[in-house]
Amino acid sequence: MKVAETIAETRGWRGQVRGSVGFVPTMGALHAGHLSLVERARRENDHVAASVFVNPTQFGRQEDLSRYPRDLDRDRTLLSNAGVDLLFTPSPAEMYPAGFSTGVDVAGPSARLEGERRPGHFRGVATVVLKLFHVVEPDRAYFGQRTRSSSRWCGRWSATSTFGCRSWPAPRSAKPTASP
């Protein structure tokens, strides 16, 4: 498995592979649900890319970004064992360089459901997903169904975007995964 920390490395990998690419974006702290997404992507694509990126822009002021669980070594081992070809692990500075000010606003039912409780959350999620899609250029993306509003939003967003990438939700499963 190739591990890429930069956008340039990831784009270089994407430019060299032929065939379909399935993409599993994560924030790490992997569990059985994440690995089921990788398994499905592996079955349905020639190549599988995953990302581990704890996105600071989707955390609100009352949410503690610093307390989000992180174990990149464990996640790397799990993804390698699951057959991932590329793991993209950018830093916040790589994804949001100095002066970055562009974002994606999300309207509709999803924004109202969870957006009322977590202002700015969907803007942060939509922005990072857009950026990740631009970097990885997947043919298919695989998302867990963490919340009903997130699942609705991802499906609608994928269907109406111009990426040519389809989004495939998977059943929710947050069962702990044994250490590798």
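The values are calculated or read from the model by the stated rules, or taken from the named source; none is laboratory data. Remember, predicted model here, so these are calculated numbers, not experimental data. Cβ coordinates were reconstructed from backbone atoms using ideal geometry, including for glycine residues, and neighbour counts include every protein chain displayed.
Residues that are crowded, with 19+ Cβ neighbours inside 10 Å and either at pLDDT below 80 or in a loop (DSSP other than H, G, I, E, B) (or both) do not occur anywhere in the stretch 125-137. Each residue in the stretch 19-63 was checked for being touching a His at 6+ places or on another chain (Cβ under 6 Å), closer than 15 Å to Pro138 by Cα and polar (S, T, N, Q), and 1 pass.
Pairing each residue of the stretch 1-29 that is on the phi < 0 side of the Ramachandran plot and in contact (Cβ under 8 Å) with a residue 24 or more places away in the chain with any residue that is small (Gly, Ala, Ser) and not in a helix (DSSP H, G or I), provided the two are 6+ apart or on different chains, yields C-beta distances under 6 Å for Thr10/Ala4; Val21/Ala49; Phe23/Ala49; Phe23/Ala141; Val24/Ala50; Pro25/Ser51.
Condition first: hydrophobic (A, V, I, L, M, F, W, C) and farther than 19 Å from Met95 by Cβ. Now tell me which residues in the stretch 22-38 satisfy that. Matches in the stretch 22-38: Leu30, Ala32, Leu35, Leu37, Val38.
The stretch 14-109 holds helices (runs of 4 or more DSSP H) entirely within its bounds, and those carrying 3 or more residues that are in contact with a strand residue (DSSP E or B) (Cβ under 7 Å, 6 or more places away or on another chain) map to 32-44, 72-81.
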